[in-house]
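Trainee: First, the structure itself, so that you have it in front of you.
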Amino acid sequence: MRTWLRLYNALVLLAEGHGTLHTANACGSADPSSFIAAFHAVIGTTPGRCRTRSSG
């Protein structure tokens, strides 16, 4: 459940235009690489691509 809440928060931050590094830190990730891997595993795309889609 905690992972889903963190990823929901990440989606909100990315939709607001925040970058991957800021989002990873805000979601409590140990480092951006592990955040990107977890995000990709659950969501199916990278945070950068998700942010590009939401801002375009």
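Trainee: Give me the residue from segment 1-51 that is of a type in the set (A, V, I, L, M) and modelled with pLDDT under 90 and, out of that set, surrounded by the fewest Cβ atoms within 10 Å (Cβ to Cβ). I'd like the intermediate steps shown before the answer.
Mentor: Here is the first cut: in segment 1-51, the ones of a type in the set (A, V, I, L, M) are 1, 5, 7, 10-15, 21, 24, 26, 30, 36-38, 41-43.
Subsequent filtering for residues that are modelled with pLDDT under 90 retains 1, 30.
Numbers: MET1: 5, ALA30: 8.
Of everything passing the filter in segment 1-51, MET1 is surrounded by the fewest Cβ atoms within 10 Å (Cβ to Cβ).
Trainee: Sticking with this structure for a sec: Do you know which residues across segment 19-41 are touching a residue at least 24 places away in the same chain (Cβ under 8 Å) and out of contact with any Gly (no Cβ under 8 Å at 6 or more places or on another chain)?
Mentor: GLY19, THR23, PHE35, ALA38, PHE39, listed by residue number.
Trainee: I'm trying to understand the selection: among the residues of segment 1-53, which are of a type in the set (A, V, I, L, M) and within 8 Å of the chain's Cα centre (by Cα)?
Mentor: Across segment 1-53, the qualifying residues are LEU7, ALA10, LEU11, LEU13, LEU14, ALA24, ILE36.
The values are calculated or read from the model by the stated rules, or taken from the named source; none is laboratory data. Small disclaimer: the values here were computed from a predicted structure and weren't measured. Note that we place each Cβ from the backbone using ideal geometry, even for glycine, and neighbour counts take in every protein chain shown.
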